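Sharing a structure with you now.
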Amino acid sequence: MSAQPNPILFEAVCTPACSLGRRGMLAVAGTVLTLSLLIGGIFSLFGAWPVLGFSGLEAALVLGLLALHRRWSARSMEMLVLTEDRLTIRRTDARGRQEALTLDPYWARLRFEERPGRVSLLVLQQRQRRVEIGRLLGEEQKRNLAEALDTALRRYREPVFDNPQLRSP
């Protein structure tokens, strides 16, 4: 006899914004290399040829850091899963390390903490345990996640039962 997994009542996957796709990265790389070669060439014409090497090194460093950032942000994610008996938070950081936390959804309370001049905090609190969620999200995405998760937790704590036998004829 196989045990049925608990049905998923709510699921959210949070990933960092990635506004620069493959084409955009190629365009940035082409622009950086062209400008670097142009600047190095102009200085070489005036006799300052060592600038050409430093300009190329600078371009390689900029493009390498951009590629590294893209690779790390592609790995980062956070997944929230609400089932009938638990609220699970699974995180993967930029280096690929994984972490999983479990909370009792009945006792978990969601708090949206505004911070002037900074991105707000979205915190799940269960007794003395506080867990920040939505670290990878911007302000508007955090508000949307807070609204959706709060609705799901409220529905979990206050279920609506529909018994046809209790309906009036």
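Take Trp72 and Glu147, extend 7 Å from each Cα along the Cα→Cβ direction, and tell me the distance between the two endpoints in nm.
Between Trp72 and Glu147, the simple spin-label model gives 3.3 nm.
As I understand it, the dipole of the chain uses +1 on the Cβ of Lys and Arg and -1 on the Cβ of Asp and Glu, about the Cα centre. Which of Leu101, Gly30, Thr15 lies farthest toward its positive end?
So the residue we want is Leu101.
How high is the FRET efficiency from Glu58 to Arg23, r the C-beta distance, R0 22 Å, rounded to 0.05?
Working: r = 24 Å, r/R0 = 1.07.
After rounding to 0.05, the efficiency reads 0.40.
Within the chain, what is the longest stretch that has no GluC sites (Glu not before Pro) placed in a DSSP loop and near at most 13 other beta-carbon atoms within 10 Å?
Counting only loop sites that pass the neighbour cut-off, the longest clear stretch is 1-83.
Please report, in debye to the nearest 20, how large the charge dipole of the chain is about its Cα centre when each Lys and Arg carries +1 at its beta carbon and each Asp and Glu carries -1 there. Write out the running numbers ahead of the final one.
Numbers: 24 positive and 17 negative charges, 46 e Å.
Roughly 220 debye for the chain.
Read phi for every residue in the range 16-33 and hand back ³J(HN,Hα) as whole Hz from Karplus 6.51 cos²θ - 1.76 cosθ + 1.60, θ = phi - 60°, with x for Gly and Pro.
Residue by residue, the range 16-33 yields x, 5, 10, 7, 10, x, 5, 5, x, 5, 5, 5, 5, 4, x, 5, 5, 5 Hz.
On to the next question. Helix-derived [θ] at 222 nm for the chain: sum -39500 (n - 2.57) over DSSP H runs of at least 4, divide by residue count, nearest 500?
Working: 3 runs with 69 residues, N = 169.
Counting only the DSSP helices, I get -14500 deg cm²/dmol.
Of the listed values [x] 2.09; [y] 1.62; [z] 1.06, grab the one calculated as Cα Rg over 2.2 N^0.38 Å from the structure here.
Answer label, from the structure shown: [y].
In whole percent, how big is the carbon plus sulfur part of the accessible area of the range 20-71, probe 1.4 Å, protein atoms only?
Working: 3040 of 3910 Å².
Percent of accessible area from carbon and sulfur atoms in the range 20-71: 78.
State which stretch of the chain is the longest one without any exposed trypsin sites (Lys or Arg not before Pro), exposure meaning a DSSP loop state and at most 16 other Cβ atoms within 10 Å.
1-85
Of all chymotrypsin sites (Phe, Trp or Tyr not before Pro) in the range 58-162, which ones are in loop regions per DSSP and have a Cβ with at most 12 other Cβ atoms within 10 Å?
Within the range 58-162, the qualifying chymotrypsin sites (Phe, Trp or Tyr not before Pro) (loop, at most 12 other Cβ atoms within 10 Å) are Tyr106, Trp107, Phe161.
Shifting gears a bit: So if the hydrodynamic radius of the range 79-169 is defined as the Kirkwood radius over C-alpha pairs, what does Stokes-Einstein give as its diffusion coefficient at 10 °C and 1.306 mPa s, in µm² per second?
Rounded to a whole number, D works out at 107 µm²/s.
The values are calculated or read from the model by the stated rules, or taken from the named source; none is laboratory data. Source: prediction; values computed, not measured. As a convention, Cβ positions derive from the backbone with ideal geometry for all residues, glycine included, and neighbour counts pool all protein chains shown. Accessible surface areas use protein heavy atoms only, side chains included; no ligands, DNA or RNA. Shrake-Rupley method; radii C 1.70, N 1.55, O 1.52, S 1.80 Å.
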